[in-house]
Structure formats: structure tokens, C-alpha cells
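The values are calculated or read from the model by the stated rules, or taken from the named source; none is laboratory data. Nothing here was measured: the structure is a model prediction, and the numbers come from that model. Here Cβ is always computed from backbone atoms with ideal geometry, including for glycine, and neighbour counts include all displayed protein chains.
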Amino acid sequence: MSLDTAHPAGALPAGADNRVVAAGGVRSWRELPELTLPAPAVVLAHSARYALAAARHHAAYGTELLITTAGRVDPAMRDELRDTGFTLVEADGPAEVAAPTRTRRAEAGRLWLLTSGTTGRPKRVGHTLESLTTVRGRQPDRTWLCPYTPGTYAWWQVVTLSLTQPGQHLVVVEPEQLDDWPALAAAHGVDAVSGTPTFWRRALHRDPDTLARVPLRQLTLGGEPVDQAILDRLRQVFPSARVSWIYASSEVGAAVVVHDGRAGFPVEWLDRAAPDRPTLGVRDGELVVTSPYHGAGLTGPVRTGDRVEVVGDRVLITGRLDTDEINVGGSKVSAGRVRDVLTAHPRVAWARVTARRAPLLGHLVVAEVVAHGSPSPRPDPPGAPDEAALVRWCADRLPDYAVPRRIRLLPEIPVKETLKSDV
Amino acid sequence: MTELSRARIRGLMGEVMANQGKVLPDDDAAELREIGFRSLDFSELALRVEDETEEELNFDAPGLRRIATVGDVLDFLAELQRQ
């Protein structure tokens with residue numbers, strides 16, 4: 001492997017002395033392992049520490065990189081990446097390398113991200129450290145927890161903040177630590193956490209007392225639809241913290257940031273153009289974003305594939321267009337709205353709402369639910385609502401065709417590597 | 001495939017009604033319109049039968065034209081399993 005020095009070499013960014021906690025070790029960005037990487041390279045990081053080392057390497061040398069995990073790159077994707085000139089590098093352990101099948105000149109300063117692949121195979125989206133750095137103003141000193149999978153857009157958001165701003169420290173969560181992150185956070189003085197609604201629901205569900213002991217001043221949610229119930233529950237546990245939610249994606253960057261504790265964003269933000277800010281629009285019920293933080297090659301309005309509804313003075317993002325709308329005998333139902341009704345039940349910790357093929361009407365609405373209570377092999381801990389009680393709860397709040405007709409209780413909130421439930 | 005008895009289908013129909021806060025009468029001659037058993041309920045009952053038999057059911061509205069009573073529903077679903 002050779003060191004790419006096409007970029008002015010070795011100049012570390014402003015956050016180089018920020019504290020970085022990974023795999024139990026405390027060090028600074030400056031003290032992370034020094035990697036030597038070919039360019040362009042795909043870094044398959046087996047640990048958070050080496051993913052951070054690769055990010056720092058890019059910040060210092062501008063090496064064309066795609067950072068991800070081995071699990072997100074299937075054999076077909078590996079071949080495709082090698083065919084487009086990338087060397088695949090296992091960043092930790094034995095330095096196993098898969099050489100490119102064709103060579104090309106590296107593009108200095110280019111970073112690649114893989115989309116989440118929710119609606120198909122992950123796509124490669126081009127960015128730079130500059131386009132991924134969306135927090136630029138001076139921030140109060142914080143120690144951030146980063147639970148995200150290395151190389152995702154949300155991971156880069158926290159990483160670029162810590163790399164570029166002094167006083168923004170970082171504690172990363174390895175996959176095996178995910179269920180016990182509040183203890184890790186408390187041990188290292190974490191006061192700011194960014195996670196998906198599923199991530200927060202799991203923490204509230206598993207051990208709310210330990211969670212409440214983490215002295216959080218900033219809570220951020222993103223990556224999935226954010227409903228009022230989860231915002232309210234977090235506000236109850238952390239009454240003096242700032243609770244924010246963010247709408248962002250690899251393709252359009254960070255497009256919406258809301259700090260007022262309410263689900264959705266103000267309707268007056270629609271079609272409001274301002275320099276250096278994304279413009280938000282709704283076309284045929286779909287969120288459309290025109291943003292200066294687009295991935296490379298994307299220009300003008302980008303259809304996000306996310307379904308929105310205007311309710312009163314707010315624009316609610318309810319879910320993916322291709323899965324959110326359920327047709328029950330000709331009546332249209334938003335799965336997201338039904339999910340919000342279920343999660344507003346005081347005994348429901350999490351819900352997933354989907355369509356199920358049914359004779360006569362084409363589809364019926366069905367749901368899976370996790371009740372509050374310690375995780376246990378039993379999906380119905382004491383006090384858990386039964387199917388009939390949940391059906392009645394929904395029937396009081398939804399039209400009859402939108403009421404879930406089968407509701408299955410699960411013992412634990414399911415989560416994927418992306419920290420999402422793919423709701 | 002597990003074939004459900006008429007009595008078992010009646011039990012499932014009772015569960016559908018109970019989830020709607022209603023009671024399934026004992027009389028098979030009870031009119032569906034009278035007891036408030038609608039197409040949504042019929043579809044849900046089909047799902048419950050599918051869950052127990054692990055077999056997908058297929059039927060549509062024209063096949064239901066002559067179904068008016070509780071007994072008609074039970075006969076229809078019992079017969080459908082045998083097709």
C-alpha cells in the first residue's frame with residue numbers, strides 16, 4: 001500500500017486534539033492509528049476506531065475514500081467497486097486487500113457514501129469533507145455519542161463536527177456495546193447524543209433509569225420519521241435538554257433541523273428560498289429538496305421518496321412513499337399516521353405498521369408492537385395492552401379502514417445495523 | 001394444510017367481533033347486517049384463518065353475493081378450505 005499525498009499532506013483539522021473514545025481507549029484524533037491507504041480506496045472498517053482513523057487520514061491527505069463496514073458490501077458490490085478503480089482495504093487486523101480490476105487516477109478530496117439501500121441496492125453518492133460538514137458556527141463544548149454505522153451520512157455528521165470544531169469530543173459505540181450505551185455514555189461524560197427514533201425507543205424501553213442518569217444537554221433524532229410521542233417521552237426524561245430532529249440523507253444532505261420539540265416542520269418553511277439553505281417543497285405528497293449540500297452530480301430539486309402530509313401548521317414526514325400508503329378496499333391509509341396513533345398509547349414503546357394482502361379488500365392494515373416493560377422473552381409483560389385494547393385505542397382515533405386488524409406483540413424492539421427498524 | 005373445523009372458524013369469528021366490542025350470537029341464522037359484521041371484518045376473519053392454516057385464501061366480492069348470515073360465513077370458509 002502506498003500513501004496518497006496528492007493533497008497537502010499531514011495538516012490535521014481544527015478538532016485534532018478533541019478527545020476520542022473508541023473500544024474503551026481514550027485518545028485524541030491526533031493519536032489514532034496512522035493508516036497508509038491506496039487511492040481510491042474502500043475502507044471496510046471492522047471497528048469504530050479504524051473507521052475514525054480512516055476519516056482522519058482523509059482529513060489530512062484528501063485521499064479518495066469510501067468508508068463502510070464489510071456487512072454493507074456484498075460480493076456484487078465488491079466487484080462493482082473494484083471495476084470502478086477502488087482497492088478494498090480491511091482497515092484493521094490483517095491488511096487484506098482486493099486490488100482494483102482497472103486503475104484510474106484518484107480524485108483528491110472526494111468522499112463516497114453508500115445510501116442506506118432501504119428501497120433497493122445501496123447507491124454510491126459523492127461528497128467532500130466540506131459538503132459533509134453542515135455544522136459550521138461555533139458550538140458549546142460537547143461530548144458526543146456516535147452510535148452510527150461507520151461511513152453513513154449520520155456518522156459523518158458527528159465525525160465532521162468533532163474533526164472540525166475544537167471542544168466537540170467523541171465517544172463511539174461498537175456494535176456489541178449498543179444495548180448498554182447509556183452506561184458507556186455516563187462513564188465518559190457524554191452530554192450530547194444523536195440517534196434514530198428506534199435507537200432512542202430501545203434505550204427508553206430497555207433501561208430508562210440508566211438512561212436518565214446520562215447528563216444529556218443535547219438529544220438529536222434523525223434517519224426515520226420522528227413522531228410527537230418519542231419527542232414528548234424524551235422531553236419528560238430530559239426536561240432541560242435541547243431536543244432536536246434532523247431530516248438528512250446521503251443524497252440531499254441535512255435539509256431540515258427542528259428544535260421546538262414538535263414533530264414535523266413549520267408549514268411556512270415550504271418554498272422559502274434563502275442563500276446557502278435548502279429549499280423545501282411538496283410535489284404530489286412527496287418531499288422535494290433543493291440543497292447546496294447535495295451529493296455530487298445532483299442538481300436542482302431532488303425527489304426524496306419520502307411522503308409528507310400537511311397537518312395544521314406543520315409538515316409531517318410520515319414514511320417512504322412506496323411503503324407508507326396502504327390501499328384498503330380503495331381507501332388510502334398512511335402507515336405512518338397509524339404508527340403515530342399506536343406509539344401515542346401510554347403502554348406502547350414501539351410499533352411497525354404494514355399492509356397485508358387480504359381477500360376481498362386487497363390489503364388490510366396490520367401492526368407489530370412492543371409494550372413498555374423490561375425486555376423479556378414474554379411479549380406481554382404485566383400491564384401490556386392486548387390486541388383488543390389496541391384495536392379499540394386505534395378505533396377511537398382512526399377511520400375504521402385504517403384500524404390495524406392484526407396486532408402482534410413482540411418481546412423486543414427490532415433494530416438493524418442502520419439503527420432503523422425500516423418503518 | 002391444517003383444515004379448520006366449522007366450530008373453530010366460529011371461534012375466530014367471535015374474536016373478530018370481540019375486537020370490535022361486539023358479541024357473536026349463537027344463532028347461525030343471525031343476519032350479518034344486524035350484527036354489524038362488515039367486509040373489513042370478513043377480511044380480518046380470513047387473515048385469522050390464514051394464520052391458523054398457514055395457507056393463503058383467495059376470494060373476492062362476487063363469491064360473497066349470497067352470504068347474509070353467520071352460518072353462510074362459516075359454510076363459505078369451511079368450503080373454501082376444501083377447494
Flagged in segment A:226-274 as among the β-branched types (Val, Ile, Thr), within 16 Å of the chain's Cα centre (by Cα) and farther than 21 Å from A:Ala192 by Cβ, in numbering order, are A:Val252
Pull up segment A:225-256, narrow it to residues that are assigned to a helix (DSSP H, G or I) and either among the aliphatic types (A, V, I, L, M) or not assigned by TED's automatic domain parsing to the domain that holds A:Pro278 (or both), then point me to the one that is farthest from A:Glu286 (Cα to Cα). A:Val237
Report yes if A:Glu325 is surrounded by fewer than 18 Cβ atoms within 10 Å (Cβ to Cβ), under 30 Å from A:Gly362 (Cβ atoms), touching a Gly at 6+ places or on another chain (Cβ under 8 Å) and touching a residue at least 12 places away in the same chain (Cβ under 8 Å), otherwise no. no
Just checking, how many residues over segment B:25-39 are in contact with a Gly (Cβ under 8 Å, 6 or more places away or on another chain) and within 14 Å of chain A (Cβ to nearest Cβ)? 1
With respect to A:Ala344, determine if the residue is on the phi < 0 side of the Ramachandran plot and either among the hydroxyl-bearing types (Ser, Thr, Tyr) or within 14 Å of chain B (Cβ to nearest Cβ) (or both). no
Mind listing just one residue for me: the one in segment B:7-24 that is within 14 Å of another protein chain (Cβ to nearest Cβ) and of a type outside the set (A, V, I, L, M) and, of those, surrounded by the most Cβ atoms within 10 Å (Cβ to Cβ)? B:Asn19
Here's a check for you: in segment A:176-190, which residue that is assigned to a helix (DSSP H, G or I) and closer than 19 Å to A:Leu32 by Cβ is modelled with the lowest pLDDT? A:Gln177
Members of segment A:307-322 found to be free of Cβ contacts under 8 Å to residues at least 40 places away in the same chain and in a strand (DSSP E or B), listed by number: A:Arg307, A:Val308, A:Glu309
Do we find a residue being more than 14 Å from chain B (Cβ to nearest Cβ) and modelled with pLDDT of 95 or more anywhere in segment A:383-405? yes
Identity of the residue in segment A:145-160, among the aliphatic types (A, V, I, L, M) and modelled with pLDDT of 95 or more, that ends up surrounded by the fewest Cβ atoms within 10 Å (Cβ to Cβ): A:Val158
Residue among A:Arg78, A:Arg110, A:Arg121 that alone is modelled with pLDDT of 95 or more, assigned by TED's automatic domain parsing to the domain that holds A:Ala41 and more than 18 Å from A:Ala53 (Cβ to Cβ): A:Arg110
Inspect segment B:57-79 for any residue being touching a strand residue (DSSP E or B) at 6+ places or on another chain (Cβ under 6 Å), within 17 Å of A:Gly362 (Cα to Cα) and within 12 Å of another protein chain (Cβ to nearest Cβ) and give the result as yes or no. no
For B:Leu4, the lone unmet condition from (1) within 13 Å of chain A (Cβ to nearest Cβ); (2) outside any helix (DSSP H, G or I); (3) over 22 Å from A:Val365 (Cα atoms) is (1)
